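Undergrad: This is the structure I have questions about; it appears just below.
Bear in mind these aren't lab numbers, they're just calculated from the coordinates by the rules spelled out. From a predicted model like this one, the values you see are computed outputs, not experimental measurements. Counting neighbours? That spans all protein chains shown, and the Cβs are built from the backbone with ideal geometry, glycine included.
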Amino acid sequence: MTSNRHNKRDEQAVLDAARDCVLAVGVRRTTLTDIARRAGVSRMTLYRRWPDVRTIVADLMTREWTAVATAVRPHTGDGGSAGPVREMLVDGLVSGVAELRAHPLMRKILDVDPELLLPYLLDRLGASQSAFLEIFEEALAAGHADGSIRRDDPARQARALLLVVQSFALSGRTVAVPDDPALTYEAFDAELRTILERTLAP
């Protein structure tokens, strides 16, 4: 038990160190030596868990993005919800997109190392995307049950939601014009809310 706690603590220290390094210089200029030094562990400790910097960064992205998803997850358990599930889900998705868009790690990767995200957009789902889908499907099922969300196949609905919010989170800055009131990030957040409401409404 103590060994597991120690390993978990070392893992979090490594991910924290990787985050600091990436924010400072980007992924391509970060080395395993940089991360090990900043984390206060040996390079061999890193090699036992991660073969290279990119695998550490993949785990870091999973931790960071999943934390955002968990923070905006609709509360649909037995304790009673705060309102219709559709309302909670839409609120969570819109705020989650805004949070991801402003996340320092996301901004750094998009600015310096955007190719890191391509496999998760073109080839396969990543661990954080799978976590998003699990959260979405759970909320959709609860929304079907309370009648606030259009009934359909929850797996397909969840994947459609992922496609929509992913696009707004990752590509929003390519279309936003901060000094045009009609094209600010806030304006696109409002547009996203409209799209989600109309997509999910019964």
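Undergrad: Which three numbers, in whole Å and largest first, are the semi-axes of the equivalent ellipsoid of region 1-51 derived from its Cα gyration tensor as √(5λ)?
TA: 21, 11, 8
Undergrad: Let me ask something else about it. Please tell me the relative contact order of the chain in percent, rounded to the nearest whole number, where contacts are Cα pairs under 8 Å and at least six residues apart.
TA: 21 percent
Undergrad: Taking the mean number of other Cβ atoms within 10 Å as a proxy for protection, how do you rank 99-107, 52-60, 171-179 from highest to lowest?
TA: Put in order of decreasing packing, that is 52-60, 99-107, 171-179.
Undergrad: For the residues Ser95, Ser128, what sequence is obtained by ranking on other C-beta atoms within 10 Å, fewest first?
TA: Arranged by neighbour count, lowest to highest, Ser95, Ser128 become Ser95, Ser128.
Undergrad: Find the percent of Cα-Cα distances in region 1-156 that exceed 21 Å, and round it to a whole number.
TA: 54 percent
Undergrad: Residue separation times 0.36 nm, minus the C-alpha to C-alpha distance between Ala24 and Leu125: what's the value?
TA: Net length gain for the segment: 33.6 nm.
Undergrad: Using alpha carbon centroids, what distance separates region 27-58 and region 82-134, in Å?
TA: Comparing the Cα centres of region 27-58 and region 82-134, I get a distance of 24 Å.
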